[in-house]
Amino acid sequence: MGGITLDRDGDVAIVRFDRPEKLNALTLAMYDELGAAFAEVRDNDAFAVAVLTGSGDRAFCVGADLTESIPALAEGRFDISRWDAAHQKHTSLFKPVIAAVNGLCLGGGFEIMLSTDIRIAADTAQFGLPESGVGVVPAGGTLTRLTRQIPYAWAMELMLQGDRVTAEQALRYGLLNEVVPAPDLLDAALHRAHRLATRSGTALRTIKEAVLRLGDLPQDQAFHSEALYGQKAFTSPDAREGLSAFAERREPDFPSRPRR
């Protein structure tokens, strides 16, 4: 049947869509499992960063299973908000999440990618939001997120036309940070993840939380809140260690780092 798996590589959690024979299409159970995996990353102090990827080389995730999840939603058996944790709506996961997109990234898979912070794709990856072609809409965060992340015209083209785009096009649109040869994908993502894990966990969490929470505030209110976030970071144990390490010309040993 397949599901969601969570493995560990040092300080990094590797979360996988693990249903490769079905292009990692999401069953109802997998939505719940993905939300639980994100919660585990959030709550487990052993993890500094997460990498999200798909099993196999054909697909990252092609979205909701058309034979189970979509019919259940279309028949009104539950509200799409049940999937909020999987889509990281209203998230309190403030550790960095890196998407390693290893193939088809369509529909709900595309939407979940939009909830991540850094995105690396294989040069063979393809992206698309085909929902309009079957009479539904990308309501797993995309109607809100996409126009806030990339230019309006490109966002609307992706949502309205539903055409697939290549990894290079997605990079040009601003959806991705990097495109790498397919065999190098996971190594590239883990390299970034382990590099992030050397940074101050306090700083990483503060940056992500502030960016997610301040974006919709009026500017003056946002500046006030930004100062509070900044003061919290500047007075943290990590800041004391970081400044001492700088003065002593050594690598910092941040108290917020996971302890093995």
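The values are calculated or read from the model by the stated rules, or taken from the named source; none is laboratory data. Here the structure is a predicted model, which is why all the values come from computation and not from measurement. Neighbour counts are summed over all protein chains in view; Cβ atoms, including those assigned to glycine, are modelled from backbone coordinates with ideal geometry. Just so you know, the surface numbers come from the protein's heavy atoms only, side chains and all, with ligands and any DNA or RNA stripped out. Shrake-Rupley method; radii C 1.70, N 1.55, O 1.52, S 1.80 Å.
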Worksheet item: What number of residues in region 74-90 are of a type in the set (Asp, Glu), open to solvent by 60 Å² or more (accessible area, probe 1.4 Å) and within 16 Å of PRO138 (Cα to Cα)?
Response: 1
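Any residue in region 13-26 that is in contact with a strand residue (DSSP E or B) (Cβ under 6 Å, 6 or more places away or on another chain), open to solvent by 20 Å² or more (accessible area, probe 1.4 Å) and without any contact (Cβ under 8 Å) to a residue 40 or more places away in the chain? Reasoning before the result, please.
Restricting attention to region 13-26, the residues satisfying the condition of being in contact with a strand residue (DSSP E or B) (Cβ under 6 Å, 6 or more places away or on another chain) are 13-18, 23-24, 26.
Narrowing the set further to residues that are open to solvent by 20 Å² or more (accessible area, probe 1.4 Å) leaves 16, 18, 23.
Retained after the next criterion (residues that are without any contact (Cβ under 8 Å) to a residue 40 or more places away in the chain): 16, 18.
Within region 13-26, one or more residues are in contact with a strand residue (DSSP E or B) (Cβ under 6 Å, 6 or more places away or on another chain), open to solvent by 20 Å² or more (accessible area, probe 1.4 Å) and without any contact (Cβ under 8 Å) to a residue 40 or more places away in the chain.
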Discussion item. I'd like to know if region 183-198 contains one or more residues that are touching a residue at least 60 places away in the same chain (Cβ under 8 Å), open to solvent by 70 Å² or more (accessible area, probe 1.4 Å), in contact with a Phe, Trp or Tyr (Cβ under 8 Å, 6 or more places away or on another chain) and within 30 Å of GLY103 (Cβ to Cβ).
Written reply: no
Item to complete: Please enumerate the residues belonging to region 132-174 that are in a helix (DSSP H, G or I) and small (Gly, Ala, Ser).
Response: SER132, GLY133, ALA153, ALA155, ALA167, ALA170
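Do you know which of the residues in region 199-240 that are outside any helix (DSSP H, G or I) and in contact (Cβ under 8 Å) with a residue 24 or more places away in the chain is nearest to LEU52 (Cα to Cα)? Full working, then the answer.
Within region 199-240, the first condition is being outside any helix (DSSP H, G or I), and the residues that meet it are 199-200, 215-218, 235-236.
Restricting the remaining residues to those that are in contact (Cβ under 8 Å) with a residue 24 or more places away in the chain gives 199-200, 215, 236.
Numbers: ARG199: 20, SER200: 21, GLY215: 24, SER236: 29 Å.
Among them, the one singled out is ARG199.
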Item to complete: May I ask you to list the residues in region 119-132 that are surrounded by fewer than 17 Cβ atoms within 10 Å (Cβ to Cβ) and among the polar types (S, T, N, Q)?
Response: SER132
Discussion item. What's the number of the only condition in (1) surrounded by fewer than 24 Cβ atoms within 10 Å (Cβ to Cβ); (2) modelled with pLDDT of 95 or more; (3) not aromatic (Phe, Trp, Tyr) that PRO71 fails to meet?
Written reply: (2)
Discussion item. Cβ-Cβ under 8 Å, sequence separation 6+ or interchain: first residue in region 55-81 and over 17 Å from ARG19 (Cα atoms), partner hydroxyl-bearing (Ser, Thr, Tyr) and surrounded by fewer than 20 Cβ atoms within 10 Å (Cβ to Cβ). Which pairs?
Written reply: none
Worksheet item: Within region 109-118, can one find any residue that is assigned to a strand (DSSP E or B), open to solvent by 20 Å² or more (accessible area, probe 1.4 Å) and out of contact with any His (no Cβ under 9 Å at 6 or more places or on another chain)?
Response: yes
Response to the item:
GLN161 vs (1) open to solvent by less than 60 Å² (accessible area, probe 1.4 Å); (2) polar (S, T, N, Q); (3) within 22 Å of THR142 (Cβ to Cβ): all pass except (1)
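Any chance you could count how many residues in region 54-68 are surrounded by fewer than 24 Cβ atoms within 10 Å (Cβ to Cβ) and under 30 Å from ALA210 (Cα atoms)? Even if it seems obvious, please write down each step before you answer.
Residues of region 54-68 surrounded by fewer than 24 Cβ atoms within 10 Å (Cβ to Cβ): 55-58, 65-68.
Subset that is under 30 Å from ALA210 (Cα atoms): none.
Counting residues in region 54-68 that are surrounded by fewer than 24 Cβ atoms within 10 Å (Cβ to Cβ) and under 30 Å from ALA210 (Cα atoms) gives 0.
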Discussion item. Among the residues in region 133-148, are any touching a Lys or Arg at 6+ places or on another chain (Cβ under 8 Å) and either open to solvent by 30 Å² or more (accessible area, probe 1.4 Å) or without any contact (Cβ under 8 Å) to a residue 60 or more places away in the chain (or both)?
Written reply: yes
Worksheet entry | Failed item, numbered, when ALA99 is tested on (1) within 22 Å of VAL12 (Cα to Cα); (2) open to solvent by 10 Å² or more (accessible area, probe 1.4 Å) | (2)
Worksheet item: When you go through ARG199, ARG172, ARG145, ARG164 one by one, which is the residue that is of a type in the set (Lys, Arg) and touching a helix residue (DSSP H, G or I) at 6+ places or on another chain (Cβ under 6 Å)?
Response: ARG145
Worksheet item: Quick check: is even one residue across region 206-224 surrounded by fewer than 17 Cβ atoms within 10 Å (Cβ to Cβ) and basic (Lys, Arg)?
Response: yes
